[in-house]
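The values are calculated or read from the model by the stated rules, or taken from the named source; none is laboratory data. Note that the structure is predicted; figures quoted are calculated from it, not measured. Heads up, the Cβs are rebuilt from the backbone with ideal geometry, glycines too, and the neighbour counts pull from every protein chain shown. Protein only, heavy atoms only, side chains kept; ligands, DNA and RNA dropped before computing areas. Shrake-Rupley method; radii C 1.70, N 1.55, O 1.52, S 1.80 Å.
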Amino acid sequence: MITKKTLLPTTLTASISIALFSGFSAQAETFKFVDHSKSQNAETLIVFQAGEQRSHDLTRLDNLSNQQISAALALDGFTGEKSEIVEILMPNGIEAKRLVVMGLGSTKEMSAGQVNHIGASVTAHLSQYSTNNIKILTAGIKDSNSNTSFASELAHGINLRAYQFDKYLSKKKPAEKNYTITVADPAKTAAGYQQLAAIEQGVFLARDLTSEVPTEMNPVHFATAAKELKKLGVKVTVLEPKKIKQLGMGALHAVGRGSQEGARLVIAHWQGNDDSPIALVGKGITFDSGGYNIKATGDSISRMKSDMAGAAAVLGTVKAMAAQKADVNVVAIMPMAANMVSETAFAPGDVVMTAEGLSVEVLNTDAEGRLILADALWYAREFYQPEVMVDVATLTGSKVRALGKRYTGLFSDDDALVNELTISGLAVDEKVWRLPLAYDDLLKSPIADLKNAGYGGPGATTAAVFLQQFTGDTKWAHLDIAGSALAAKDKGITPAGGTGHGVRLLSHWIINQKK
């Protein structure tokens with residue numbers, strides 16, 4: 001029996017057998033890396049062909065099957081190009097119930113992110129079956145670096161897609177699948193995957209937090225989740241409304257004022273060395289009603305639980321560093337608030353005072369993310385004197401209109417930092433696109449130092465240049481991830497729900513800074 005299906009373009013999610021923080025999701029697949037010479041018996045076998053070049057394993061299996069595989073591939077028009085798949089049931093001469101042949105296309109310049117998508121395709125294809133004893137043969141297959149890199153990134157992709165947030169589902173995620181992957185160097189591959197598995201744990205945490213319903217993920221809940229990282233050696237500090245007000249963070253305090261619990265400032269610090277820290281600042285609006293400038297009702301407002309995805313991403317990145325005991329010094333600063341309507345909520349026309357000492361006229365209460373980030377950027381500089389700051393935020397609909405959902409908007413006046421983040425984005429397939437820092441004249445107010453909305457200009461840019469007023473002389477970049485925080489359906493490495501977007505980009509960038 002021969003069938004052909006198109007591979008879904010994917011990115012991966014993988015977890016190892018150590019539970020660093022289980023959260024709310026079903027996460028783990030298991031992986032074992034063995035030498036190419038080991039027995040290839042399994043319920044399901046997966047083998048690759050890169051364009052016209054057959055792998056050693058595929059040639060050997062074809063001979064064992066008395067050329068049944070060649071006949072099946074020819075019958076189906078299989079050419080080995082990316083996204084092709086042929087499945088053969090009960091293949092001749094092979095001790096497996098199912099043989100899956102996957103096309104890779106050219107692997108000469110295949111990046112880690114592209115390999116992740118191949119792994120995600122494995123998960124997507126096998127999700128229709130109950131099979132859980134799977135062997136993947138990679139002899140002779142390598143990405144732009146090595147067989148070790150290909151195999152570890154493949155496992156990473158498999159697991160990234162296998163994640164499911166099933167807390168509220170009556171039908172839970174199926175039992176974990178067990179993968180054995182044959183490689184040239186098992187020990188080196190396993191070590192490489194351990195680092196990727198730590199990054200997966202950060203992605204899963206960010207996905208858990210973003211997918212959770214808003215009444216169960218307010219600033220207090222988020223702070224409680226952050227405290228779980230203490231088990232990994234992360235120092236976690238939580239500032240409550242009284243302390244926030246005492247420090248002069250009037251913008252953060254004002255945005256949190258409309259909800260019963262008020263604002264929080266959550267700080268998570270992984271000090272893996274004594275270098276000057278990298279500061280990651282993440283927008284944490286746990287639900288965004290728009291305040292008195294209330295959002296249109298309907299489908300869009302139901303997605304506003306994801307307005308804390310920036311905070312989730314930077315917390316997930318700290319977890320990824322702590323889980324692998326990385327030799328880096330990283331602090332995440334997360335201003336948290338629910339932007340609600342109440343008798344105590346801030347109102348259009350108000351003037352709020354930031355800790356920077358700049359007053360801000362509030363023209364629009366739905367431009368609240370930049371307000372809480374302003375105080376958080378000040379706090380990062382004041383208390384940590386970081387070498388560099390990167391903020392991450394679902395900040396503007398303007399960014400989505402400019403770049404869509406496939407690119408993150410990148411703003412910075414530091415060309416070297418832009419280049420570094422661009423390279424990391426390409427490596428993990430979380431691409432960024434630089435947009436201009438300009439139109440600061442549109443933020444002038446007749447009654448305050450700044451306005452919080454620059455009407456008449458490009459909204460993503462005026463929001464970014466507003467944030468720039470609070471960065472001082474510190475090297476800084478702003479990542480606008482609007483549109484990338486929630487996935488409506490399974491695609492690539494991201495199943496439906498919170499995506500954890502930004503964790504892999506930031507992790508790659510931070511680790512490579514150390515190198």
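A few points about this structure:
- Test: residue in the stretch 94-109 that is in a helix (DSSP H, G or I), over 26 Å from ASN63 (Cα atoms) and of a type outside the set (Ser, Thr, Tyr): no
- Comparison of GLN114, GLN194, GLN164 shows that the only residue that is within 28 Å of ALA312 (Cα to Cα), open to solvent by 10 Å² or more (accessible area, probe 1.4 Å) and touching a strand residue (DSSP E or B) at 6+ places or on another chain (Cβ under 8 Å) is GLN164.
- Residue in the stretch 171-188 that is touching a Ser or Thr at 6+ places or on another chain (Cβ under 9 Å), open to solvent by less than 50 Å² (accessible area, probe 1.4 Å) and closer than 30 Å to VAL238 by Cα present: no
- Which listed residue, of THR215, THR210, is free of Cβ contacts under 8 Å to residues at least 12 places away in the same chain, hydroxyl-bearing (Ser, Thr, Tyr) and either part of a helix (DSSP H, G or I) or open to solvent by less than 50 Å² (accessible area, probe 1.4 Å) (or both): THR215
- For THR3, the test of being open to solvent by 10 Å² or more (accessible area, probe 1.4 Å) and either touching a Phe, Trp or Tyr at 6+ places or on another chain (Cβ under 8 Å) or modelled with pLDDT under 95 (or both) is passed.
- Residues satisfying the stated conditions in the stretch 442-456, i.e. farther than 17 Å from GLU356 by Cα and buried (at least 17 other Cβ atoms within 10 Å of the Cβ): LEU442, ALA453, GLY454
- Scanning the stretch 34-58 for residues that are crowded, with 16+ Cβ neighbours inside 10 Å and either more than 24 Å from ALA124 (Cα to Cα) or not aliphatic (A, V, I, L, M) (or both) returns HIS36, GLN40, GLU43, THR44, PHE48, GLN49, ARG54, SER55, ASP57.
- So ALA155, is it in contact with a helix residue (DSSP H, G or I) (Cβ under 9 Å, 6 or more places away or on another chain) and buried (at least 16 other Cβ atoms within 10 Å of the Cβ): yes
- The stretch 233-256, subset in contact with a Lys or Arg (Cβ under 7 Å, 6 or more places away or on another chain) and closer than 27 Å to VAL328 by Cβ, residue most open to solvent (accessible area, probe 1.4 Å): VAL238
- For the stretch 103-123, the set of residues classified as farther than 19 Å from LEU426 by Cα, touching a helix residue (DSSP H, G or I) at 6+ places or on another chain (Cβ under 7 Å) and not hydroxyl-bearing (Ser, Thr, Tyr) consists of VAL122 only.
- From the list ALA367, ALA380, ALA402, the lone residue that is small (Gly, Ala, Ser) and within 16 Å of ALA332 (Cα to Cα) is ALA380.
- Exclusive hit being out of contact with any helix residue (DSSP H, G or I) (no Cβ under 6 Å at 6 or more places or on another chain), farther than 22 Å from GLU240 by Cβ, modelled with pLDDT of 95 or more and charged (D, E, K, R), set GLU343, GLU382, GLU387: GLU387
- Scanning the stretch 397-427 for residues being in contact with a Lys or Arg (Cβ under 9 Å, 6 or more places away or on another chain), of a type in the set (S, T, N, Q) and crowded, with 19+ Cβ neighbours inside 10 Å gives a total of 3.
- Counted residues, the stretch 235-260 - those being among the polar types (S, T, N, Q) and part of a helix (DSSP H, G or I): 1
- Every residue from the stretch 59-69 that is closer than 25 Å to VAL115 by Cα and surrounded by fewer than 22 Cβ atoms within 10 Å (Cβ to Cβ): THR59, ARG60
- Subset of the stretch 339-375 (residues that are of a type in the set (D, E, K, R) and surrounded by fewer than 16 Cβ atoms within 10 Å (Cβ to Cβ)): GLU343
- Taken as a whole, the structure leaves VAL122 outside the set of residues that are crowded, with 21+ Cβ neighbours inside 10 Å, touching a Gly at 6+ places or on another chain (Cβ under 7 Å) and either within 16 Å of MET102 (Cα to Cα) or among the β-branched types (Val, Ile, Thr) (or both).
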